[in-house]
Amino acid sequence: MNPFKYGSVVLGKDFCGRTDLIKQVQGHIESSQNIVVYGERRVGKTSLIYEATRRQKGCRTLQIDLMNIKSVNALCRKFLSALGTMEQQSGFFERFLKSIPSLRPSLSVDPITGTPSVTLDTSISLSEKNLQEIISLVRATHKRKPLVVVVDEFQAILEVPDSDMAIAELRAQIQHAPEVPFIFAGSIRHQMEEIFTSPTSPFFKSAIPLEVSPLSYVEFAPFLLQRFRDGERNISENILESVFNLAGGITGDVQQFCEALWSKTDPGDTITTEHVNAAIDLLISRETLSFQIILARLTDLQVRVLHALAELGGEKPTSMEFMKKADTHNASAVAQALDRLARMKIIYRNQLEWRYMNPVLRLYLLRSS
């Protein structure tokens, strides 16, 4: 069985390191302190949060993912659905149903999994005023047995029409639940910072910031090396470090590259650069169609900028060398192309440089140059 996992939350034996951060999260939970978790995409923010809450004794986790919410109605239903699922698991489901009679809840069963869940009357549209009732339910649930509320992809609330009103009301209600610890996380850092660091935002200074950086090679390498060795695959630190660099050092991307490398080797193999190249071929083959679709939607300049970024890196995208590679003399046009590519979530900018959201796309472009 391939031991390398990516694209999902990893817990227990699949979780690596971050002992100090785990202790910090647990300390904030015990103090009922709200926190906001920052970090680059695929760095392991969500896994860190859930591993910390998993290790926290006597505490339940209310998991809410706001990905793709488009209305306050959807926001409210996300909270209620999560509450219903948790209360069903803890044996308080009937009491939960009776606590929201105005929403005409009913018990439904997933026909595939057989798992009970709460269904609310779809004809009823929920609004900001329902957030008070929902947070009151959260407080009542916490009183029965302590919980921590984890709100992932929180930046999606900015996409809700009249998001200012929704954010203000949610902040007001959370402020009235000081005994309940909330943990906020999101995959688009600048939007999360807009919510929590802008003086004009209701959530300004409402949560302690916690930075999650990529695992360093020194910390991550022993974990990865042992996994290869457990599978009777010999890999040198030089080869592993080259894989680490190909993945840009991002924790989830490193796992993805290692998964492909495992798939292209057998027990007893000594891993070489040929195996690494075969793993890259595998990764590219899995995503070629999606890459072709992405590139077909771009302008010629945007494609040229991506190629220049792949070859030269993103530290100096308006240098003469970069613009020559992108076949343009217009620095403003390059800046606009980078901004557009970022809004399409193809690239992103950290504190130092522009980078690819998906490092495999960079390798695909280098192979196709």
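The values are calculated or read from the model by the stated rules, or taken from the named source; none is laboratory data. Not measured: the values here are computed from a predicted model. When we count neighbours, we look across all protein chains shown, and the Cβ atoms used for this are built from the backbone with ideal geometry, even at glycine. The protein model used for the area step is the full one, side chains on, heavy atoms only, and it has no ligands, DNA or RNA in it. Shrake-Rupley method; radii C 1.70, N 1.55, O 1.52, S 1.80 Å.
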Number of the condition not met by Gly58 [criteria: (1) within 21 Å of the chain's Cα centre (by Cα); (2) of a type outside the set (Val, Ile, Thr); (3) not in a helix (DSSP H, G or I)]: (1)
So which pairs qualify, if the first residue must be in region 243-272 and within 18 Å of Ser47 (Cβ to Cβ), the second must be among the polar types (S, T, N, Q) and open to solvent by 30 Å² or more (accessible area, probe 1.4 Å), the Cβ gap must be under 7 Å, and the two must be at least 6 apart or on different chains? Glu259/Asn2
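Any chance you could count how many residues in region 6-47 are assigned to a helix (DSSP H, G or I), out of contact with any Cys (no Cβ under 8 Å at 6 or more places or on another chain) and of a type in the set (A, V, I, L, M, F, W, C)? Full working, then the answer.
Restricting attention to region 6-47, the residues satisfying the condition of being assigned to a helix (DSSP H, G or I) are 12-14, 19-30, 45-47.
Cutting the leftovers down to out of contact with any Cys (no Cβ under 8 Å at 6 or more places or on another chain) gives us 12-14, 19-28, 30, 45-47.
This time we only want the ones that are of a type in the set (A, V, I, L, M, F, W, C), so: 21-22, 25.
Count: 3.
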Just one listed residue, out of Glu237, Glu159, is of a type in the set (Asp, Glu), touching a residue at least 24 places away in the same chain (Cβ under 8 Å) and open to solvent by 30 Å² or more (accessible area, probe 1.4 Å), and it is Glu159
Answer yes or no as to whether Leu246 is under 25 Å from the mean Cα position of the chain (by Cα) and under 27 Å from Ala342 (Cα atoms). yes
Which condition from (1) over 18 Å from Ala207 (Cβ atoms); (2) surrounded by 20 or more Cβ atoms within 10 Å (Cβ to Cβ); (3) touching an Asp or Glu at 6+ places or on another chain (Cβ under 7 Å) is the one that Met67 breaks? (2)
Working only within region 173-201, note down all residues that are in contact with a Leu (Cβ under 8 Å, 6 or more places away or on another chain) and over 26 Å from Glu51 (Cβ atoms). Gln173, Glu194
Contacts under 9 angstrom Cβ, first residue in region 304-332 being on the phi > 0 side of the Ramachandran plot and charged (D, E, K, R), partner assigned to a helix (DSSP H, G or I) and open to solvent by less than 20 Å² (accessible area, probe 1.4 Å), 6 or more apart: Asp327/Ala308
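Counting only residues that are more than 15 Å from Phe182 (Cα to Cα) and in a helix (DSSP H, G or I), how many does region 144-154 have? Walk me through it before giving the result.
Filtering region 144-154 for residues more than 15 Å from Phe182 (Cα to Cα) gives 144-145.
Still in the running and in a helix (DSSP H, G or I): 144.
Result for region 144-154: 1.
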